[in-house]
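Coordinate-derived values only; no laboratory data. This one's a predicted model, so the numbers in the text were calculated from it and none came from an experiment. Note that we place each Cβ from the backbone using ideal geometry, even for glycine, and neighbour counts take in every protein chain shown.
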Amino acid sequence: MAQNLLNQLTQLITEQRNSASMNIDRLSALEILQVINNEDKKVAVAVEKCLPQIAQTVEKIVAAFQHGGRLVYVGAGTSGRLGVLDASECPPTFGVQPEMVIGIIAGGEQALRQPIEGAEDNKSQAVEDLQSIDFSRKDILIGIAASGRTPYVIGALEYAKSLGAKTVSLLSNPGSAMAKISDIAIETIVGPEVLTGSSRMKSGTAQKLVLNMLTTTAMILLGKCYQNLMVDVQASNEKLRARAIKIVMEATECSKEIAEDTLKIADNNAKLAIMMILGNLNKETAAKILAQHHGQLRQALSQ
């Protein structure tokens, strides 16, 4: 078993040694940073090559949302943490319900802070974790693993596929087991890490970029922004309340006083406040028109 795993790791690009950092332990702080920075520059290029697959995934995510489904991320270690992070940022940023985007990490919540021994090797636990959230064919599953071979993630992908759900893999090695299972494979080939096998670095950065792109683009297509403003932001603290005022002012070119007063009437709903101001409408009429256009502010304003 150990020899088989060793052979597998030897074949992975993310486990190979990087010639640019062979003598990194002999460099100064600035020189080490230059090596890391030069390697990081390759990440955006690797992601760019995956834009067609990322776009396909966005379309599947939007379709799932429109039919009452959810986006579910599954990963272990760094990959799992990044999935949970992206999911947790969607409600405050886009005003969606917490269950719309869900992040599941091998080992559960405790694994967010410390490694859980053997969690990533447990395929059956992945199935149980998906069953615990009533995962169904309406949902879309994105398995995240730099290696493309994590058993926990493979177990989740296999289960999702058995239900008829759409499946996507986000990884940093070509021709992986995860890619073969999934409907779509997003292969961000960033090359060997600066520290051999430390996939929290370039691979993790690529994952963060892609996850940001997936949810942000899907939310834009669902009408969660107007122009480039986050009009569904949840004004849940002082900073976000100030941002909501700023958003209304920038979208309508109104004064701070008008923005504040309208937001108060609109229960701090920036999108509704903008509709009221630009449409010269009362709260009830503005809300009705927005609902008729499924929250698409630009469409509602153009009627």
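Structure summary
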quantity: Volume in Å³ per residue [convex hull over Cα atoms, computed for the stretch 23-63]; calculated: 83
quantity: Unsatisfied cross-links (Cα-Cα over 20 Å) in the set Lys42/Lys208; Lys224/Lys246; Lys202/Lys224; Lys239/Lys264; calculated: Lys202/Lys224
quantity: Per-residue HN-Hα couplings for the stretch 132-139 [Karplus 6.51, -1.76, 1.60; θ = phi - 60°; Hz; x = Gly/Pro]; calculated: 5, 9, 6, 4, 9, 5, 6, 7
quantity: Amide proton proximity set for Tyr226, modelled H, under 5 Å, gap of 5+; calculated: Val231
quantity: The chain - percent relative contact order, Cα under 8 Å, separation 6 or more; calculated: 19
quantity: Answer label, with Rg and Dmax of the Cα atoms in Å calculated from the coordinates and candidates (i) 19.0, 57; (ii) 18.7, 62; (iii) 22.0, 71; calculated: (iii)
quantity: Electrostatic dipole magnitude of the stretch 92-237 [Cβ: Lys, Arg +1; Asp, Glu -1; Cα centre; debye, to 20]; calculated: 380
quantity: Residues with amide H under 5 Å from that of Ile104, placed H, sequence gap 5 or more; calculated: Tyr73, Val74, Gly75
quantity: HN-Hα J in Hz across the stretch 290-303 - Karplus 6.51, -1.76, 1.60, θ = phi - 60°, x for Gly and Pro; calculated: 4, 4, 4, 10, 6, x, 7, 4, 4, 5, 4, 6, 8, 6
quantity: Options Ala259, Gly279, Leu163, ranked by Cα towards positive dipole end of the stretch 152-303, top entry (Cβ charges); calculated: Leu163
quantity: Ranked by how many other beta carbons lie within 10 Å on average, peptides 166-179, 105-118 from highest; calculated: 166-179, 105-118
quantity: For the stretch 27-130, projected area of the alpha-carbon convex hull averaged over all directions, nm²; calculated: 9.6
quantity: Protection proxy ranking of 209-215, 30-36 - average other beta-carbon atoms within 10 Å, highest first; calculated: 209-215, 30-36
quantity: Helix 256-265 axis, angle to the chain major axis (alpha carbon atoms, nearest 10°); calculated: 90
quantity: Spatially proximal aspartates and glutamates relative to Lys123 (Cα-Cα < 13 Å; intrachain offsets below 8 disregarded); calculated: Glu158
